[in-house]
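Take a look at the structure below.
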Amino acid sequence: MSAAAIELIGVDKRFGSVHANRDIHLTIEKGTIHGIIGENGAGKSTLMSILYGFYQADSGEIRINGKSTKITDPNAAIGMGIGMVHQHFMLVENFTVLENVMLGVEGAPLLKKGIAKARAELKRLEQEYELDVDPDALIEELPVGLQQRVEILKALYRGAEILVLDEPTGVLTPPEADHLFRILEQLRDQGKTIILITHKLREIMAATDNVSVMRQGSVVATKKTSETSVEELAELMVGRRVLLRVQKGEAQPGEVKLSVENLTVRDSRGVIMVDNASFNVRAGEIVGIAGVAGNGQSQLIETIAGIRAAVAGRVLLDGQLIDIMGAADPGELRDRGLAHVPEDRHHMGLVLAFEEYENSILGYHDDPLYLKGPFLDIDAIKADARKKIEKYDIRPGDPNLKTANFSGGNQQKIVLAREIERDPGVLIIGQPTRGVDVGAIEFIHKRIIEMRDAGKAVLLVSVELDEIRSLSDRILVMFAGRIVGERDAEADEGELGCLMAGVEQLEAAE
Amino acid sequence: MSQPFAKLPAWADYGLLPLINLIVAFFVAGLVVLLVGESPIEAAVLMVKGAFGTGDGVGYTLYYATNFIFTGLCVAVAFHCGLFNIGGEGQAYIGGLGVAFVGLGLGDTLPWWIVFPLAIVASGIAGALWALIPAWLQARRGSHVVITTIMFNFIAASIMVYIVVQILKPMNIQSPETRVFGAGGQLPSLGWLLNAVGLNMRSAPLNLSFLIALVAAFLVWVLIWRTKLGYEIRTMGFSPKAARYAGISELRIIIITMMISGALAGMMALNPIMGAQHRLQLDFVAGAGFVGIAVALMGRSHPVGIVLAAILFGMLYQGGAEIAFDMPNISRDMIVIIQGLVILFAGALEHMFRPTLQRIFHGLSLKKDQTVPVIAGGGQ
Ligand SMILES: Nc1ncnc2c1ncn2[C@@H]1O[C@H](COP(=O)(O)OP(=O)(O)OP(=O)(O)O)[C@@H](O)[C@H]1O
Ligand SMILES: [Mg+2]
């Protein structure tokens with residue numbers, strides 16, 4: 001048998017007191033799709049960053065195709081045929097696909113010659129792997145699914161034999177994700193090696209040949225995918241049995257807490273994003289908004305939360321109008337008992353440069369609890385932050401750590417802890433479990449249901465249909481800015497899918 | 001993925017790196033000195049001796065440093081809000097009007113310890129008001145403060161010429177300046193402070209405003225890191241989107257921050273006007289507003305760094321004057337070149353050596369790891 005594509009021997013990495021990778025031994029066979037799963041902060045991204053030369057391991061050895069190598073920086077990694085597709089794309093937005101693909105490897109001092117060569121090569125790659133994209137399209141005009149394809153093309157163009165994808169489906173719709181897996185299978189069949197990191201165990205089962213489980217910096221198991229199950233993987237990851245679907249009792253809806261009437265929102269270019277939407281959310285129920293990303297859900301919740309202005313309609317919180325036209329002040333809405341977990345935690349929900357405790361009061365920094373006159377009561381804030389860290393099991397549990405240094409899932413928990421622990425009357429949540437591990441999902445889902453059972457109104461937006469179905473008491477489907485249907489929690493998945501794809505709209509039009 | 005390499009320990013980040021930058025700046029400056037046919041070593045000795053060797057040297061160095069602390073703080077406060085206030089020069093200029101107003105009006109009748117607090121307030125208000133219009137234009141109309149504050153520097157200069165020459169200048173004086181303030185408009189010198197460490201300051205103009213500058217630095221630290229307002233300023237500076245989400249009014253924060261920034265620049269006027277010349281002379285700001293940008297950059301917008309950087313620039317000013325005096329080939333302009341090099345390396349190119357240093361530190365920590373199996377704590 002030929003040498004393994006990648007062999008990691010005793011790889012170890014610390015960040016200060018955090019032991020991110022402990023003595024990792026991992027073998028990845030050539031021509032396979034190898035999944036890596038693990039809790040938030042288990043060290044998956046760190047390990048891949050070491051493989052790609054972003055970080056240097058403190059000790060240990062990396063063998064590529066049987067040869068011991070030192071990967072000093074990403075260029076060295078590319079030279080060895082390793083390509084990486086980052087969760088946050090690294091594309092130049094106002095360049096074309098072609099320009100992005102050839103960026104840095106122009107091939108000739110004069111662009112013209114390089115462009116012709118690149119175009120031909122790109123064409124060949126596209127045909128070989130069925131990766132269709134218009135080479136002259138601008139990146140900013142492409143949907144995320146296609147942008148990701150460009151990232152893959154970029155790696156292949158640089159001669160990648162080994163492709164690392166870190167949580168590639170976090171931003172994709174289910175059909176886009178399916179398409180991605182078809183592409184990956186094809187790449188594997190052509191002899192490429194693929195490492196796939198994801199929190200979605202279903203994807204692991206569907207797409208990988210082998211899977212390794214990481215826990216607290218170590219690889220605790222490597223299995224053949226065909227010989228394991230979702231339940232076993234979840235248990236290996238978290239170290240205990242995990243409920244993959246939350247249990248909840250019957251909802252006891254009370255009075256209307258939040259009511260939206262004929263809401264219409266335009267974006268900065270004047271395009272209608274929310275089109276005459278009307279619905280309400282009662283105390284003690286969870287209303288889920290399902291829909292493919294980009295159909296106005298983001299604009300809808302941002303408007304209700306006072307961040308964006310509407311052009312028409314009314315929103316009432318506890319029967320009182322919210323001034324959505326003049327863009328209500330989010331701070332004032334918080335005082336009135338409306339909490340908001342934004343979809344975009346990196347830019348809106350958190351200040352990444354802040355220490356953890358500073359983010360634990362973002363938006364609530366007016367609360368006398370955290371202040372002594374005009375001064376911040378830092379001891380009180382930290383004590384409060386520690387409590388939340390404990391309760392939400394945020395790791396590492398250090399309120400002084402810079403927020404950017406927490407793993408994605410733990411960042412999400414910082415936001416959730418802050419908003420839920422205020423015990424708001426109405427909770428708006430966007431993508432509560434994006435990038436969050438199964439153990440934490442179980443926890444977050446439980447807390448959301450506890451909120452409901454305590455008589456709070458919850459408005460949930462998620463592109464994960466599973467999540468919507470398992471949490472919601474009522475489901476609204478959004479398509480092209482409009483609410484195109486309402487179903488109860490038992491609704492058929494296929495039917496919801498059709499609504500989300502706007503099929504009924506099309507039929508009605510005919 | 002913003003930090004591809006291991007982080008530097010704090011002492012290297014805030015101590016070693018600026019030091020390396022400085023050494024390189026001085027090295028290149030030395031080459032320039034060599035080029036005009038003077039000995040760089042001798043020039044360096046002259047500079048340090050001129051700045052710190054004598055009582056009056058120290059007095060002058062700290063006197064200049066006082067100006068730079070104020071203007072450095074002015075730039076830093078705006079930086080924390082993500083604003084680049086280049087208008088310190090003009091704000092200090094207009095601040096001078098506030099000082100002159102109080103000094104001329106009350107200096108003859110009231111003692112200095114009553115006049116001084118009033119002058120502080122007046123200079124601060126004048127500087128703050130001068131920053132208000134660019135702030136408002138930025139917050140409401142999106143006109144970039146970089147552009148508007150530069151324009152306001154020119155407007156301030158013209159206004160001052162008009163006011164000093166046409167209104168404030170007494171008939172019997174030839175140069176563009178006001179009359180000398182009464183005794184109450186003159187600040188006590190800090191000669192006693194230097195005496196306490198055995199130095200004789202002679203005629204150097206170091207005065208009470210130096211201590212006020214240090215107090216201002218401390219208050220800025222409190223403001224930025226310990227108050228709710230500072231929290232809001234930093235949130236806005238790091239992420240306007242998060243500020244919006246947190247219910248922080250952009251308009252309010254930009255205006256307040258710019259006014260605080262302008263007030264700090266305005267207070268710089270106390271030092272030359274009330275502390276040294278005891279009258280308003282037309283060119284009293286003398287570029288301190290611009291040096292403040294370099295000071296803030298070099299001091300990493302932290303008050304401690306700013307005080308240290310301000311003293312460094314005070315040394316360049318004072319020691320530079322000595323060099324120009326003693327070395328005929330080196331003119332005043334040469335000194336500006338040397339100061340420019342320091343700004344270039346310590347300010348604009350401050351990150352040039354970072355990756356190399358990070359790699360070296362990483363190498364060191366690896367070696368340590370092999371001998372000592374458990375190391376804890378990175379450095380922060
Ligand atoms: N630059 C850094 N400085 C300090 N600590 C870091 C740094 N990068 C990562 N860490 C820490 O290392 C640990 C592993 O992080 P990593 O990002 O590899 O986790 P992960 O398995 O990818 O998690 P997630 O599923 O949430 O993305 C975490 O505890 C994280 O806080
Ligand atoms: Mg990760």
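Nothing in this text is a laboratory measurement; each read-out follows from the coordinates by a stated rule. The shown structure was predicted, so the numbers you read here are calculated from the model rather than taken from an experiment. Heads up, the Cβs are rebuilt from the backbone with ideal geometry, glycines too, and the neighbour counts pull from every protein chain shown.
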| message | Quick check: residue separation of residue A:321 and residue A:119 times 0.36 nm, minus the Cα distance between them. What number comes out in nm? | response | 67.1 nm
| request: Let me have the relative contact order for chain A, percent, based on Cα pairs under 8 Å that are six or more residues apart. | output: 15 percent
| For region A:6-238, what is the charge dipole size about the Cα centre, in debye to the nearest 20, if Lys and Arg each add +1 at the Cβ and Asp and Glu each add -1 at the Cβ? | 720 debye
| message | Give me the extension gain from residue A:314 to residue A:243: residue separation times 0.36 nm, minus the current Cα-Cα distance, reported in nm with one decimal. | response | 21.6 nm
| remark: For region B:64-326, Rg(Cα) over 2.2 N^0.38 Å is 1.00
| query | In what sequence, highest mean first, do A:407-413, B:92-98, B:21-27 appear when ranked by Cβ atoms within 10 angstrom? | reply | B:92-98, A:407-413, B:21-27
| task | Between beta-carbons, use under 12 Å as the cut-off and find the net charge around residue B:236, counting Lys and Arg +1, Asp and Glu -1. | result | +2
| field | Distant alpha-carbon pairs in region A:6-238 (separation over 31 angstrom), percent | value | 22 percent
| query | How much net charge surrounds residue A:462 when only other residues with a Cβ under 12 Å from its Cβ are counted (Lys, Arg +1; Asp, Glu -1)? | reply | -2
| said: For region A:248-292 and region B:240-263, what is the centre-to-centre distance using only Cα atoms, to the nearest Å? | reply: 31 Å
| query | What residues from region B:13-54 fall in the zone where the backbone N is under 15 Å from a label point 7 Å along the Cα-to-C-beta line of residue B:200? | reply | B:54
| field | Nitroxide proxy distance, nm - points 7 Å out along Cα→Cβ at residue B:333 and residue A:264 | value | 6.7 nm
| request: Run the numbers on region A:272-408 and let me know its relative contact order in percent, using alpha-carbon pairs under 8 Å that are six or more apart. | output: 16 percent
| request: Determine the dipole magnitude for the protein assembly as shown: charges of +1 sit on the beta-carbon of Lys and Arg, -1 on that of Asp and Glu, nothing else is charged, the reference point is the Cα centre, and the result goes in debye to the nearest 20. | output: 2300 debye
| query | If you place +1 on the Cβ of every Lys and Arg and -1 on the Cβ of every Asp and Glu, how big does the dipole about the Cα centre of region B:64-326 come out, in debye to the nearest 20? | reply | 780 debye
| message | Connecting C-alpha atoms closer than 10 Å in a GNM of chain B, tell me which of B:35, B:297, B:208 has the biggest fluctuation. | response | B:35
| said: If I histogram all Cα-Cα distances within the protein assembly as shown using bins 20 Å wide from 0, what percent of pairs lands in each bin? | reply: 13, 37, 34, 15, 2, 0
| field | Crossing angle, helix A:144-157 versus chain A [Cα axis fit, 0-90 degrees, rounded to tens] | value | 10 degrees
| note | Applied in sequence order to region A:339-346, the curve 6.51 cos²θ - 1.76 cosθ + 1.60 (Karplus, θ = phi - 60°) yields integer Hz couplings, x standing for Gly and Pro, of 10, 9, 9, x, 5, 9, 5, 6
| request: Of the DSSP beta bridges with both residues in the protein assembly as shown, give the percent that are antiparallel, rounding to the nearest 5. | output: 60 percent
| query | With a ≥ b ≥ c the root eigenvalues of the C-alpha gyration tensor of region A:435-474, is it rounded (a/c under 1.5), prolate (a/b larger than b/c) or oblate? | reply | oblate
| task | Rounded, prolate or oblate: pick one for chain A, where a ≥ b ≥ c are the square roots of the eigenvalues of its C-alpha gyration tensor, a/c under 1.5 means rounded, and failing that, prolate if a/b is larger than b/c, else oblate. | result | prolate
| request: Take every Cα pair under 8 Å in chain B that's 6+ residues apart, average their separations, divide by the length, and report that relative contact order as a whole percent. | output: 34 percent
| field | Anisotropy class of region B:54-107 from Cα gyration tensor, a/c 1.5 cut | value | oblate
| remark: In deg cm²/dmol, rounded to the nearest 500, the helical mean residue ellipticity at 222 nm of the protein assembly as shown, built from -39500 (n - 2.57) for every DSSP H run of length 4 or more, is -14500 deg cm²/dmol
| Two-decimal log10 I(q)/I(0) for region A:63-183, as the Debye equation yields it once each C-alpha is a single scatterer, q = 0.17 Å⁻¹ | -0.90
| With r defined as the distance between the Cβ atoms of residue B:174 and residue B:218 and R0 fixed at 60 Å, what FRET efficiency is calculated, to the nearest 0.05? | 0.90
| Centre separation in Å (Cα based) which lies between region B:266-343 and region A:127-156 | 54 Å
| remark: Measuring from the longest principal axis of the C-alpha atoms of chain A, the long axis of helix A:408-420 (C-alpha) lies at a number of degrees, nearest 10, equal to 10 degrees
| Based on the Cβ-Cβ distance from residue B:304 to residue A:111, what FRET efficiency comes out when R0 is 35 Å, to the nearest 0.05? | 0.10
